[in-house]
Amino acid sequence: MSSTSSSVRRIAATVLAAGAVVGAAALPAAAHDGDRHHQRPRVEISRVQADSPGRDDRSNRSLNSEWVEITNTTRDGINLRGWTLRDSDGNRYRFDNVRIGARATIRIHTGNGRDTRTDLFQDRRNYVWDNNSDTATLRDDRGRTVDTETWGRRR
């Protein structure tokens, strides 16, 4: 009977040790999941030129000197179809079938122009971004905020 007890104790000790190893390996993964909200977004607003250089004369050149850059920080291309870029006043630009390449940046200009792989145009005749203070908000196709960029004093 003592050899059976000793076998049972060895099996129980082995199971407990295996459980401790599995638990220790899972702990860093669980701790990492809690940091998910503090990581950089996959697509982010990387730069804003709210105040176009020179005189604000509403010319197409001046309007296109006002822009927002969006950067894909991942290794995979992402389709931005249905995503939106908004200012504090509710002006909205909706992305059509736009694909942003891996680790690529696109610039969204305010004025008129021909869309390319790196430059998109809102085709507006008025400025969107407030020179002194504003917030650019990027939302995905489900309306979830992906990133925001604020400058100046908050309204």
query: Using modelled backbone amide H atoms (1.01 Å from N, in-plane), which distant-in-sequence or interchain residues come within less than 5 Å of Asn91's amide H?
result: none
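To the nearest 0.05, how large is the calculated FRET efficiency for Asn60 and Thr116 if R₀ is 22 Å and r is the Cβ-Cβ distance? Spell out each step's value before the answer.
Numbers: r = 16 Å, r/R0 = 0.73.
Taking R0 as 22 Å, the efficiency between Asn60 and Thr116 is 0.85.
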Simple label model, 7 Å out from Cα along Cβ direction - Arg153 to Asn97, nm: 4.7 nm
- prompt: When the dipole is taken about the Cα centre of the range 35-155, and only Lys, Arg (+1) and Asp, Glu (-1) are charged at their Cβ, what size is it in debye, to the nearest 20?
  reply: 280 debye
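If the chain between Ser46 and Arg142 were fully stretched, how many nm would it gain, using 0.36 nm times the residue separation less the Cα-Cα distance? Numbers along the way, then the final one.
Working: separation 96, 0.36 × 96 = 34.56 nm, distance 2.13 nm.
So the extension gain works out to 32.4 nm.
When Rg is the radius of gyration of the Cα atoms in the range 31-155 and Rh is its Kirkwood radius, what does Rg/Rh come to?
Radius of gyration over Kirkwood radius for the range 31-155 works out to 0.98.
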task: Please list the non-local residues whose amide H lies under 5 Å from the amide H of Val43, H modeled 1.01 Å from N, same-chain partners needing a gap of 5 or more.
output: Thr73
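A short reminder: the numbers here are calculations on the coordinates, not readings from a lab. What you see is a predicted model, and the numbers here were worked out from it, not measured in a lab. For neighbour counting, all protein chains shown are included, and Cβ atoms are generated from backbone atoms with ideal geometry for every residue, glycine included.
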